[in-house]
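The values are calculated or read from the model by the stated rules, or taken from the named source; none is laboratory data. What you see is a predicted model; the values in this text were computed from it and never measured. All Cβ positions, even for glycine, are placed from backbone atoms using ideal geometry, and neighbour counts span all protein chains on display. Remember, those area values only see protein heavy atoms, side chains included, never the ligands or the DNA or RNA. Shrake-Rupley method; radii C 1.70, N 1.55, O 1.52, S 1.80 Å.
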Amino acid sequence: GEDVEQSLFLSVREGDSSVINCTYTDSSSTYLYWYKQEPGAGLQLLTYIFSNMDMKQDQRLTVLLNKKDKHLSLRIADTQTGDSAIYFCAESLVSNTGKLIFGQGTTLQVKP
Amino acid sequence: GAVVSQHPSWVICKSGTSVKIECRSLDFQATTMFWYRQFPKQSLMLMATSNEGSKATYEQGVEKDKFLINHASLTLSTLTVTSAHPEDSSFYICSAHPVGSTDTQYFGPGTRLTVL
């Protein structure tokens, strides 16, 4: 079945790089997403990658996709205290329906 | 661009009353909107898919008579929690899928429902 898994917690020091990992089971994924959720707020789309791409970079964010291993990662360079939040990866399985399957979310704690 | 609003942002109600939550796409049209429920420190659980002009599609285990969804226009979907009980207390988040776009969804800020 469809399943997306993430580690639950990551703690880094300000200025370091953060790497948040995600694995998924369904090879028919079309797009894979990273969302950020701050306390009491909705989800903010950070970036997404099409399933036939290996890497996407957007300013401090780098997304790596290993389709063979069904592994997705989000690297945040020069992590700041404002990056502290919960990060969700999600996959969409069938194009144009919009239905997403979410991971459990990784809480990123950035220490000054 | 791609802003989604929800109203109200929080609501407290008595057990047995009904509560309506609105989800609006402010600067784009959305034929499809989604309603999620999120418990503390947990992921989002998809409740239903709302399609403009047609009946909503509910996920397994979600009572359609309990959670009424109406998607009357390309920019508005409403979720009504009928005869609310304390176990319905949760964070409800909607998202909207722009017409003609990729699979990207844009999320609202969420509505915190507390049923006393």
Exercise. In the stretch B:1-44, which residues are farther than 11 Å from residue B:77 by Cβ and among the small types (Gly, Ala, Ser)?
Worked result: B:1, B:2, B:5, B:9, B:15, B:16, B:18, B:43
Exercise. Considering only the stretch B:4-40, how many residues are among the polar types (S, T, N, Q), over 10 Å from the mean Cα position of the chain (by Cα) and within 13 Å of chain A (Cβ to nearest Cβ)?
Worked result: 6
For this session: Examine the stretch B:93-109 for a residue that is in a strand (DSSP E or B) and over 24 Å from residue A:47 (Cβ atoms), and state whether such a residue exists.
Result: no
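Restricting the search to the stretch B:39-82, which residues are among the hydroxyl-bearing types (Ser, Thr, Tyr), assigned to a loop (DSSP other than H, G, I, E, B) and modelled with pLDDT of 90 or more?
Of all residues in the stretch B:39-82, those among the hydroxyl-bearing types (Ser, Thr, Tyr) come to B:43, B:49-50, B:54, B:57-58, B:73, B:75, B:77-78, B:80, B:82.
Among the residues that remain, those that are also assigned to a loop (DSSP other than H, G, I, E, B) are: B:43, B:54, B:75, B:82.
Of everything in the stretch B:39-82, those that are among the hydroxyl-bearing types (Ser, Thr, Tyr), assigned to a loop (DSSP other than H, G, I, E, B) and modelled with pLDDT of 90 or more turn out to be B:75, B:82.
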Problem set entry | Residue match in the stretch B:11-33 (condition: out of contact with any Leu (no Cβ under 7 Å at 6 or more places or on another chain), among the β-branched types (Val, Ile, Thr) and within 22 Å of residue A:100 (Cβ to Cβ)) | yes
Exercise. Residue B:76 is checked against (1) touching a Lys or Arg at 6+ places or on another chain (Cβ under 8 Å); (2) within 14 Å of chain A (Cβ to nearest Cβ); (3) more than 24 Å from residue A:86 (Cβ to Cβ); (4) touching a residue at least 24 places away in the same chain (Cβ under 8 Å) and fails just one. What number does that condition carry?
Worked result: (2)
Problem set entry | Members of the stretch A:62-76 found to be exposed (fewer than 15 other Cβ atoms within 10 Å of the Cβ) and closer than 28 Å to residue A:13 by Cβ, listed by number | A:66, A:71
Problem set entry | Exclusive hit being touching a Pro at 6+ places or on another chain (Cβ under 9 Å) and either surrounded by fewer than 17 Cβ atoms within 10 Å (Cβ to Cβ) or of a type outside the set (Asp, Glu) (or both), set A:82, A:42, A:15, A:103 | A:42
Exercise. Which strands (runs of 3 or more DSSP E) sit wholly inside the stretch A:43-106 and have at least 2 residues that are of a type in the set (Ser, Thr, Tyr)?
Worked result: A:43-50, A:85-92
For this session: Run residue B:49 past the list (1) surrounded by 14 or more Cβ atoms within 10 Å (Cβ to Cβ); (2) over 11 Å from the mean Cα position of the chain (by Cα); (3) not charged (D, E, K, R) and report the number of the one that doesn't hold.
Result: (2)
Exercise. List the pairs whose first member sits in the stretch B:104-115 and is within 7 Å of another protein chain (Cβ to nearest Cβ), whose second member is open to solvent by less than 10 Å² (accessible area, probe 1.4 Å) and hydroxyl-bearing (Ser, Thr, Tyr), and whose Cβ atoms are under 8 Å apart, counting only residues at least 6 apart or on separate chains?
Worked result: B:104/A:33; B:105/B:95; B:106/B:25; B:106/B:95; B:107/A:35; B:107/B:95; B:108/B:95; B:110/B:92
